[in-house]
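Notes follow the structure.
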Amino acid sequence: MGKIFSGNNLISVLLPLLLIMMFIVRSIPLLIIGLIVNLLPIGIILGQMAWLGLKINMATVLIGGITMGIAVDDTIHFLWHYRTEIKKGKTFYEALKSTYHHTGTAIFMTAILLSFGFLVMAASDFVPTADFGKLTSLTIAIAFVTEIFLMPALLYALYRIKNRSKLK
């Protein structure tokens, strides 16, 4: 068991976050949407690293776990507010508008501040630190895009599926 947690940082972060998200959103479909939105940026960065021939080293191995921990916070806020608005009886569009109004600025500011904060590390002469800073910054920016654009699209698809009979 020690190998799982020391050898695979992403899994050691993903499992507790999965349990926490499930406890908070209390919905399998919302949990799946949250996981897609949070795992996609990590998958994109890992693919980009492979495409560019960047090796996984002591610093870059942490990107997935750290980014997942940061991005899931915004996702939980977004999904919690959306779920609360839907439970109040609001339409999809009203719930989404309220969710953007209450969480959008915070998600944007978090993404900007963290992206630029990690980007400062790119100035390091130590290559693993510089790579870590650049890639983490980029991953956070991609996570912002998936949270603001992809998550609402997935929520809309879920809304359409749940209300298929009402829409006909």
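Just so you know, all these numbers are worked out from the coordinates, no wet-lab data involved. Note that this is a predicted model, so its numbers are computed, not measured. Every residue, glycine as well, gets a Cβ built from its backbone with ideal geometry; the counts of neighbours run over all protein chains shown.
Evaluated over the range 2-138, the count of Lys pairs having alpha-carbon atoms less than 30 Å apart is 5 (only pairs 8 or more residues apart or interchain). Distance from the alpha carbon centroid of the range 95-145 to that of the range 48-71 works out to 14 angstrom.
Tell me whether the range 24-69 comes out rounded, prolate or oblate; compute the Cα gyration tensor, take square roots of the eigenvalues as a ≥ b ≥ c, and use a/c under 1.5 as the rounded threshold. Intermediate results must be reported in sequence, preceding the final value.
On the way: a/c = 5.52, a/b = 2.22, b/c = 2.49.
Oblate shape, in that a/c is at least 1.5 and b/c is the bigger or equal ratio.
Computed on the chain, with alpha-carbon pairs under 8 angstrom and 6+ residues apart, the relative contact order is 28 percent. A dipole drawn for the chain from +1 and -1 charges on Cβ atoms has a positive end, and of MET121, ILE28, LEU79 the residue lying farthest that way is ILE28. Helix content alone sets the calculated 222 nm mean residue ellipticity of the chain: runs of n ≥ 4 DSSP H residues at -39500 (n - 2.57) each, divided across all residues, give -27000 deg cm²/dmol.
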